[in-house]
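Take a look at the structure below.
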Amino acid sequence: MRAGPRPATAVLVTLLVAVLAACGDDSEPTGAPSADASTTSSDPTSSAPTSDPADTGAPADEAAAMAVVDEWIASIGTGDTELVESGLGPTSRAAIEAMGGMESIMSGLAEGMAAFGQPGLERAAVALPGHEGAWLVTYHGEVSSEGQTGYDAHSWLVVPGADGADVEAFAQPLPEVLAPADRTAARTDEMVTVTLPAGGQVLALLDGTTVLPGSLVEPADGDQVRISAAPEDGLPTGSHTITVAVVPEAGAGTAWATTAVAFTVV
């Protein structure tokens, strides 16, 4: 049985979209819309990691970053909640606690996110400037899960941890996809719109690798931002993925969050 795109499970080269998102306090967030503007555009940066990530035990290249994700996905199949949680970063652990603990989501992980461990998917990892050893990883393609096969995508952040690399796979509030409304038949003139937790740089990629400049960022519900992204000449026809992430400003301790939106443009 074949199904259309399913929502990704509930989140640069040298050129990245970097916008300061809302920080959740009473002041107007840097990079957020002013009182007389409804949206703001992000501008690319060109910074890159300068220190050796091997010093922290973090992945030094794309293959190593994807291997961290693969190992964590494989741990889901063991059913060992402690093992699964041990591979996660602090943002994800806090989000899981807010969701009721690892036990409460294990069945969902086994039925959903674990499917991205299957072969044949398009895979990409992009280094995050200003965060040595940190990567934004995206998998997308035809995914078989729960008796259905369809174009789907998921993204993770791989970040340096105390004992090597951790995976950031969850965030609170949970990411939400607002557009396109019909991901099986999106229009070329639509934008992909999501909400993510506020408080960092906004990054957007097409198919896991191509930077999307000009993402629109606006506050949403106090502790979130609404992010809209698309290529400058519109969404390309066919099946594609837009990955959106919020990462801390260099040296800051704000949360890591990402979501990937799979869609088909007709």
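Scan region 218-266 residue by residue and report those that are among the small types (Gly, Ala, Ser) and farther than 24 Å from residue 129 by Cβ. So that I can check it myself, show each step before the final result.
Step one: list which residues in region 218-266 are among the small types (Gly, Ala, Ser), which gives 220, 222, 228-230, 234, 238-239, 245, 250-253, 255, 257, 260, 262.
If the condition is that a residue be among the small types (Gly, Ala, Ser) and farther than 24 Å from residue 129 by Cβ, then 220, 222, 234, 238, 239, 262 are the ones that fit.
Restrict the check to region 210-228 and report whether at least one residue is in contact with a Phe, Trp or Tyr (Cβ under 9 Å, 6 or more places away or on another chain) and polar (S, T, N, Q). If you could, list the steps in order and put the result at the bottom.
Of all residues in region 210-228, those in contact with a Phe, Trp or Tyr (Cβ under 9 Å, 6 or more places away or on another chain) come to none.
No - not one qualifying residue is present in region 210-228.
For region 158-178, which positions are more than 20 Å from residue 223 (Cα to Cα) and part of a strand (DSSP E or B)? Walk me through it before giving the result.
Keep residues of region 158-178 that are more than 20 Å from residue 223 (Cα to Cα), which gives 158-167.
Within region 158-178, 158, 159, 160, 161, 164, 165, 166, 167 meet the criteria.
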Exercise. What do you reckon, is residue 65 at pLDDT 95 or above and either over 20 Å from residue 196 (Cα atoms) or part of a helix (DSSP H, G or I) (or both)?
Worked result: yes
For this session: Would you be able to say whether some residue in region 231-239 is within 25 Å of residue 119 (Cβ to Cβ) and outside any loop (DSSP other than H, G, I, E, B)?
Result: yes
For this session: Hey, can you tell me all the residues within region 113-129 that are part of a loop (DSSP other than H, G, I, E, B) and either among the basic types (Lys, Arg) or surrounded by fewer than 17 Cβ atoms within 10 Å (Cβ to Cβ) (or both)?
Result: 118, 119, 120
Seminar exercise, completed: Checked region 203-217 for anything farther than 20 Å from residue 123 by Cα and either crowded, with 19+ Cβ neighbours inside 10 Å or among the polar types (S, T, N, Q) (or both); matches are 215, 216, 217
Exercise. Only one of these conditions is not met by residue 157: (1) over 13 Å from the mean Cα position of the chain (by Cα); (2) crowded, with 22+ Cβ neighbours inside 10 Å. Which number is it?
Worked result: (1)
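The values are calculated or read from the model by the stated rules, or taken from the named source; none is laboratory data. Predicted, not measured: the structure shown is a model, and the values here were computed from it. Cβ: placed from backbone, ideal geometry, glycine included. Neighbour counts: every protein chain shown.
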